[in-house]
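Below is one structure; the comments refer to it alone.
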Amino acid sequence: MTRWMILRACAVAIFGTALGLGQAARAQSAPEAIRLSVDATQAPQKILHAKEAIPVRPGALTLYYPEWIPGEHAPDGPIANLAGLHFSVGGKEIPWRRDLVDMFAFHLDVPAGATSLDIQLDFLLSAPATGFSAGASATSQLDLLSWNQVLLYPKGYAAADILFEPSLRLPDGWKFGTSLPIASQNGSEIGFYRIPLDMLVDSPVISGHFFRAIDLSPGQTPPHEIDIAGDSAAAVAMPPELQLHLRNLVTEAGALFGSRHYRDYHFLLTLSDDVAHFGLEHHESDDSRLSERSLIDDTLRLDGAGLLPHEYVHSWNGKFRRPADLATPDFQQPMKDDLLWVYEGLTEYLGNVLTARSGLYSQQEYREHLADVAATYEYQPGRTWRPLQDTADAAQLLYFSGGDWENWRRGTDYYDEGELIWLEVDTRIRQLTQDKKSIDDYCKLFYGGPGGKPELKTYTFDDVVAGLNAIAPYDWRTLLTERLTSTDAHAPLGGIERGGWKLVYNDAPNEVESAGEDAYHRLNLRDSIGLSLDQEAGVSDVIHGGPAYLAGIGPGMKIIAVDKRQYSPETLGEAIERAKLSTDPIQLLVANGPYVAAYAVNYHGGIRHPHLERVESAPDYLSEISKPHATQ
Ligand SMILES: [Zn+2]
């Protein structure tokens, strides 16, 4: 970590004039820097302490707690876990009142003569290990600090116009990693250079007792590093093969986009079974959180293979280029999520392409992943009422909806169905240009530029269409609009088919689907009797209109017995296979709350798992897309 300190100190010398994402004129209008010191020494006890000193003028003052968290596309700032709030001037307590409509706003009167307001606050780290950055982020051995959780900022300024001077105290002996430029370090006390609020919130800090920092681009500029904090020494012992694949990822991403919009990049990886599992993108880093043994267990490795590539692609698609509707000036103004099928959908496509190109997926695993995605949307009747566009428009609701009835409600489908659509775009470009162009050319056009530092360049739907037309003239507007507004029962599989493959089913397990089942302890019978079960035999979802649904089974019920035998995954699988040779229904004894009843499932198609099968008459674009491009 200290490796980059000198370089970061050099970079920061130009920060105030060249790197901020706000308006060039802000130097004249900006208030003085807000000092923020965070004490994380009690993170293992699940509490953070923070102090702020804000330059103020006498009179009414409104302070905000960040509400809309970039990358989470929703108003989910964890305001309920803000505690111990005190305001004072010169040691004298100032009364405050929360706004009655905006729960994230605090009003107070600054007394005559005051020039600086002191704030004291705690952030409660006791959230459960679910959701996103508001979920559990600290264990006895590590902490992931999201700065938006430990600060207030004054109303009336863009986040890019407010300078912060942050410092952080860690538990003794903990190491740390961050993309923040480091000004000083004295034992466990770290001082960072002044930084605009938008960049501060974009720059989390990972720390922990079991910590490793690994250089992923030795001797090259810009530098890349992975900073890993885990719940054990074994967890952070990344195998050499995985290190090689991550180095390939850095190289392949450079080849795909042609430029890099950061001064250096830090993959921040938390490995724990007791934190929320997700990834959150930042301009010069990411915040990715996986199970403790994800680097050393092959099943968990396969299940999480695409996470770091996805978050890394966001440095280009999401941070550098961002939908205008998502580029809000502060953390209180609502974001509009209508272009998430580009922001997340194209990132999902490119992320998984890079997962394969870098070796984190084999080509076979990449195809198994695509087959699993294709089958998911083939078995999703909700698509007959809810077009894909509405899953993006309503993202701020769907991120927090449960998994029950997901196939009928639909979820945040602009990720994976978006991936299928962008595969269709890529294969169509290849076909239209007789293999001379591909989406790689679009990436260099749309995400190119001089690079070397964080910048923000917004875009609209029209810009996406114009960019595609510049690579391969076609009626992209109509194609994309059709995909976004369709209520067809079938998934858009044109990209797989144009890519030289087709979706088939047989009884052999799908490798990627199986890894997901093992990782999350669930049994997925979506493609046969039409339900999925948790490890306690609880029904987590039922395919609307499928065999289990028609038998009367719903989410929340629990399977007790199968054909008169006590339930186990094996007895259910064997019953499904037996029913292939019979006209008798599968008999399930199912608990629904305190009541138990028999249900007859009339299904005779056997166990089915999705795979891709080569179609020899079409060019094999999928293999061309997923093979290494810049590395061997
Ligand atoms: Zn994403």
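For the chain, the longest principal axis of the alpha carbon atoms and the long axis of helix 240-257 meet at an angle near 80°.
Of interest is the spacing of the C-alpha centroids, which for the range 433-453 and the range 178-235 amounts to 30 Å. Other residues lying with their Cβ under 13 Å from the Cβ of Asp172 contribute a combined charge of 0, Lys and Arg counting +1, Asp and Glu -1. Please work out whether the range 228-333 counts as rounded, prolate or oblate from its C-alpha gyration tensor, where a ≥ b ≥ c are the square roots of the eigenvalues and a/c under 1.5 means rounded, while otherwise a/b larger than b/c means prolate and anything else oblate? Note, shape of the range 228-333 comes out oblate. Quick check on the range 155-230: take the gyration tensor over C-alpha atoms, sort the square-rooted eigenvalues as a ≥ b ≥ c, and tell me if it's rounded (a/c under 1.5), prolate or oblate. It is oblate, given that a/c is not under 1.5 and a/b is not larger than b/c.
If a spin label sat at a point 7 angstrom from the Cα of Gln535 along the line to its beta carbon, the backbone N atoms of the range 568-585 nearer than 15 Å would be those of 569.
Between the amide H of Phe320 and any residue lying 5 or more places away or on another chain, no distance stays under 5 Å, with hydrogens modeled in the peptide plane. Checking the a/c ratio against 1.5 first, then a/b against b/c, what shape does the Cα gyration tensor give for the range 163-202? In terms of gyration-tensor shape, prolate.
Seen from all directions on average, the chain presents a Cα convex hull projection of 29.9 nm². Set the Förster distance to 51 Å, then compute FRET efficiency between Gln42 and Lys627 from the Cβ-Cβ distance, nearest 0.05. E between Gln42 and Lys627, to the nearest 0.05, is 0.55.
Accessible area per residue for the chain in Å², computed with a 1.4 Å probe and the full protein assembly in place, what is it?
Spelled out: the 1.4 Å probe surface of the chain, per residue, equals 39 Å².
The slack in the chain from Asp488 to Asp298, taken as 0.36 nm per residue of separation less the alpha-carbon distance, amounts to 64.7 nm.
Return the whole-Å distance between the Cα centroid of the range 326-368 and the Cα centroid of the range 100-116. Rounded to whole Å, the Cα centres lie 39 Å apart. Could you please state how large a percent of the accessible area of the chain is carbon and sulfur, counting protein chains only and using a 1.4 Å probe? Whole-percent figure for carbon plus sulfur exposure: 51. In the chain, the DSSP-assigned H stretches of four residues or longer account for a calculated mean residue ellipticity at 222 nm of -8000 deg cm²/dmol, using -39500 (n - 2.57) per stretch and the full residue count as denominator. Listed by chain and number, the lysines whose alpha-carbon sits under 18 Å from that of Lys453, ignoring those within fewer than 8 places in the same chain, are Lys319, Lys444. The packing ranking of peptides 472-481, 515-524, 83-92, highest mean first, is 515-524, 472-481, 83-92, where packing means the average number of other beta carbon atoms within 10 angstrom of each residue.
Length gained on full extension, Asp435 to Glu577, computed as 0.36 nm times the residue gap minus the Cα-Cα distance: 46.7 nm.
I want the local charge near Pro585. Using Cβ-Cβ distances under 14 Å, sum +1 for each Lys or Arg and -1 for each Asp or Glu among the other residues.
+1
Pairing the Cα long axis of helix 569-578 with the longest principal axis of the chain, what angle in degrees results, from 0 to 90 and rounded to the nearest 10? Taking Cα atoms only, the helix is inclined about 30 degrees. Between Ala466 and Leu244, the modelled labels are 4.5 nm apart [label points 7 Å from Cα along Cα→Cβ]. Largest accessible area first, the residues Trp316, Trp405 order themselves as Trp405, Trp316 under a 1.4 Å probe with ligands, DNA and RNA left out. Each residue, Gln220 and Tyr399, gets one label point 7 Å from its Cα in the Cβ direction; the gap between the two is 3.1 nm. Computed from backbone phi, the HN-Hα couplings of the range 431-439 come to 5, 5, 9, 6, 6, 7, 10, 8, 5 Hz, rounded to whole numbers (Karplus: 6.51 cos²θ - 1.76 cosθ + 1.60, θ = phi - 60°; Gly and Pro given as x). If you fit an axis through the alpha-carbon atoms of helix 476-485 and take the longest principal axis of the Cα set of the chain, what angle between them do you get, 0 to 90°, nearest 10? The answer is roughly 80 degrees. Look at where the Cα atoms of the range 382-404 and of the range 576-597 average out, and the two centres are 31 Å apart. Multiplying the residue separation of Ala112 and Ser259 by 0.36 nm and removing their Cα-Cα distance gives an extension gain of 47.7 nm.
The values are calculated or read from the model by the stated rules, or taken from the named source; none is laboratory data. Note that this is a predicted model, so its numbers are computed, not measured. We place every Cβ from the backbone using ideal geometry, glycine too, and count neighbours over all the protein chains shown. Remember, those area values only see protein heavy atoms, side chains included, never the ligands or the DNA or RNA. Shrake-Rupley method; radii C 1.70, N 1.55, O 1.52, S 1.80 Å.
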